[in-house]
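I have placed the structure first, in the form of structure tokens, so that the comments after it can refer back to it.
The values are calculated or read from the model by the stated rules, or taken from the named source; none is laboratory data. None of the values given here were measured: they were computed from a predicted structure. Note that we place each Cβ from the backbone using ideal geometry, even for glycine, and neighbour counts take in every protein chain shown. For the accessible areas, the whole protein counts, side chains as well, though only heavy atoms, and no ligand, DNA or RNA atoms are used. Shrake-Rupley method; radii C 1.70, N 1.55, O 1.52, S 1.80 Å.
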Amino acid sequence: MFSLLQEKLEDAFRKLRGTAKISESNIADAMKDIRMALLEADVDFTVTKDLIKAVTETAQGEDVLRTVNPGQMIVKIFHDELVKLLGGGATELDLSPPQRILMVGLNGAGKTTTSAKLASWLKKQGKRPLLIALDLYRPAAITQLQVLGQQLGVPVCVPPAGETDPVKATRAALKWLDEQGGGVAIFDTAGRQEVDDELLTQLKQVRDLVQPSETLLVADAATGQQAVAVASKFNETVTLSGLVMTKLDGDARGGALLSMRQVTGCPVKFIGVGEKVEQLEVFHPDRMAQRILGMGDIVTLVEKAAEEIDEKQAMSMMRRFEENKFDFTDFLNQLKFMKRLGPLEGILGMLPGMGALKNMPGVDDKRLKHTEAIILSMTPKERSKPEILNGSRRKRIANGSGRPVVEVNQLVQQFEMMKKLMGNKGMLSQLAGGMMGGGGGAPGGGGGGKGLLGGLANMMGGGGKMPPMPPGMFPGGMGGLKPNKMGKFGKRPKLGG
Ligand SMILES: Nc1nc2c(ncn2[C@@H]2O[C@H](COP(=O)(O)OP(=O)(O)OP(=O)(O)O)[C@@H](O)[C@H]2O)c(=O)[nH]1
């Protein structure tokens, strides 16, 4: 996500930070670089111009040159302007009666997938979602929605067989809805290759019948400025209440997301970060600005972890750490837990200052798979008593997992070192603090965020000086952060690093 933009911005800011005495001309140069970075990321020209102007004016107003650290001050000003550009605060989904959400967009933008993702998200919020297939233009979309609904355990309404008129199909759907006894209805409408009059006329008719509380446009971030133009066109005709930007996981530039709010005036409410049904995130402008600036997004990472974590299991894992009983089976469970949080690249992008690790050789999902294969090739006895892993056993494990013996040796060695560290209770709480960015941090690993990363990097062979740690310190780290009923966190961890 945004790797290109992140790199260019980082270059521009690094120059400022590395300059002993900052002058107005340094700042002007940096602004030029930032402007180029934004334009290359496909951010709208006017949006770029306005953003640079706002940053320059605020910097002048605050007399940045007189501050203790002008370089950092500029980054902060840029961050704050970026948050404003992205919409300020998160905009909540309107779930007031009649609790109907109309999903619109072009073909292939991700409407059907996003409808299912939204249903899954609503379920997690304790709501009762209902899916309504109205895509008569691409019949396969109806089956796709049925399958997804079945997987999620969400009722799906399909149009009467042979129905080709969207208005009639909508009437039938509303009748079905009346019989359902309440719930949040998500209407998946038809798309087209491009915005045409026929599509917009049909959508207006459907919208007038449905009277939705939300009309969400699903737009493909990878199409860049085209997505912004499409959103403007839809907004003029069917009046949108919000946007969902999909495929941000594959978008290195990020221009569409940055321009969207300013150009269309519509808030981005959700972002799609993968094909899986759980890969939908509520859009938080401040967290996104942090990610774009390489500052990570610990809050989202913790929320993801909270969704996946089984508290009882986590506490028992914690006890095993403390009693120094942690074995390869626990290790394997932690690996599986991490996999559920999503691709490693995404996780690293959420850890402050760790974006650069994404490109490090050896730090990737493949390496995680190799580690998993090695552990799976051990017998249960070997997993619980790694000390019995002699030369011939290691050779057998290497053969079984298809990995070289040296990799098996490395893993066992790192595991042993980790256990030694785990035996030290003081160390354990330090690590937990470090993982949460709470300032503890691992020795040699520095402050917030690096605790977990030390573990990750070592486990995957990428780590250098940091001590090895288990690949998921969440049991301890989650202690102070319990999600409330809404799945949100009362306390917000300080961003460290
Ligand atoms: N990587 C990634 N792929 C996505 C995301 N959202 C949707 N997709 C993929 O995009 C493709 C198109 O998604 P659909 O949901 O079928 O698109 P649609 O808008 O319903 O398409 P039509 O029914 O033809 O109008 C599918 O392969 C999805 O898996 C996302 O956030 N990230």
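Please specify each residue of region 172-210 satisfying the condition of being of a type in the set (Lys, Arg) and buried (at least 18 other Cβ atoms within 10 Å of the Cβ).
Within region 172-210, ARG207 is the sole residue that qualifies.
For region 306-331, enumerate the residues that are modelled with pLDDT of 70 or more and aliphatic (A, V, I, L, M).
ALA314, MET315, MET317, MET318
Checking the condition farther than 16 Å from LYS325 by Cβ and open to solvent by 80 Å² or more (accessible area, probe 1.4 Å), which residue from LYS385, LYS395, LYS381 passes?
Step by step, each of LYS385, LYS395, LYS381 is checked, and only LYS395 is farther than 16 Å from LYS325 by Cβ and open to solvent by 80 Å² or more (accessible area, probe 1.4 Å).
For region 167-192, what are the residues that are among the β-branched types (Val, Ile, Thr) and under 31 Å from the mean Cα position of the chain (by Cα)?
VAL184, ILE186, THR189
Specify which of the listed residues (LEU118, LEU93, LEU85, LEU131) is within 30 Å of ILE292 (Cα to Cα), at pLDDT 95 or above and more than 8 Å from the ligand (Cβ to nearest atom).
That would be LEU118, the only listed residue that is within 30 Å of ILE292 (Cα to Cα), at pLDDT 95 or above and more than 8 Å from the ligand (Cβ to nearest atom).
Can you tell me which residues in region 174-192 are out of contact with any strand residue (DSSP E or B) (no Cβ under 9 Å at 6 or more places or on another chain), assigned to a loop (DSSP other than H, G, I, E, B) and at negative phi?
The answer is GLU179, ARG192.
Under 6 Å by Cβ, and 6 or more places apart or on different chains, what pairs join a residue from region 20-43 that is more than 12 Å from VAL64 (Cβ to Cβ) and in contact (Cβ under 8 Å) with a residue 12 or more places away in the chain with one that is open to solvent by 50 Å² or more (accessible area, probe 1.4 Å) and not in a helix (DSSP H, G or I)?
Once the first residue is more than 12 Å from VAL64 (Cβ to Cβ) and in contact (Cβ under 8 Å) with a residue 12 or more places away in the chain and sits in region 20-43, its partners that are open to solvent by 50 Å² or more (accessible area, probe 1.4 Å) and not in a helix (DSSP H, G or I) give ALA41/ARG253; ASP42/ARG253.
If you scan region 205-248, which residues turn out to be in contact with a strand residue (DSSP E or B) (Cβ under 7 Å, 6 or more places away or on another chain) and of a type in the set (Val, Ile, Thr)?
Residues satisfying the conditions are VAL206, VAL210, THR215, VAL218, VAL230, VAL238, THR239, VAL244, THR246.
What are the pairs, 6+ residues apart or on separate chains, where a residue within region 232-260 that is touching a residue at least 60 places away in the same chain (Cβ under 8 Å) has its Cβ under 6 Å from a residue that is among the basic types (Lys, Arg) and buried (at least 19 other Cβ atoms within 10 Å of the Cβ)?
Short answer, once both residue conditions are applied: VAL238/ARG207; GLY242/LYS269.
May I ask you to list pairs of residues, at least six apart or on different chains, whose Cβ atoms are under 7 Å apart, with the first in region 136-165 being in the same structural domain as THR114 (by the TED database) and closer than 21 Å to GLY108 by Cα and the second being acidic (Asp, Glu) and near the ligand (Cβ under 10 Å from one of its atoms)?
ALA141/ASP135; ALA141/ASP188; ILE142/ASP135; LEU145/ASP188
MET103 is checked against (1) assigned to a helix (DSSP H, G or I); (2) within 30 Å of ARG138 (Cβ to Cβ); (3) in contact with a Phe, Trp or Tyr (Cβ under 9 Å, 6 or more places away or on another chain) and fails just one. What number does that condition carry?
The failed condition is (1).
For GLY108, indicate whether it is in a loop (DSSP other than H, G, I, E, B) and out of contact with any Phe, Trp or Tyr (no Cβ under 6 Å at 6 or more places or on another chain). I'd like the intermediate steps shown before the answer.
Values: in a loop (DSSP other than H, G, I, E, B): yes; out of contact with any Phe, Trp or Tyr (no Cβ under 6 Å at 6 or more places or on another chain): yes.
Yes; evaluated as a whole, the condition is true for this residue.
Residues to consider are ILE74, ILE52, ILE22, ILE34; find the one that is more than 23 Å from ARG253 (Cα to Cα), crowded, with 17+ Cβ neighbours inside 10 Å and outside the structural domain of GLU281 (by the TED database).
Exactly one residue qualifies, and that residue is ILE22.
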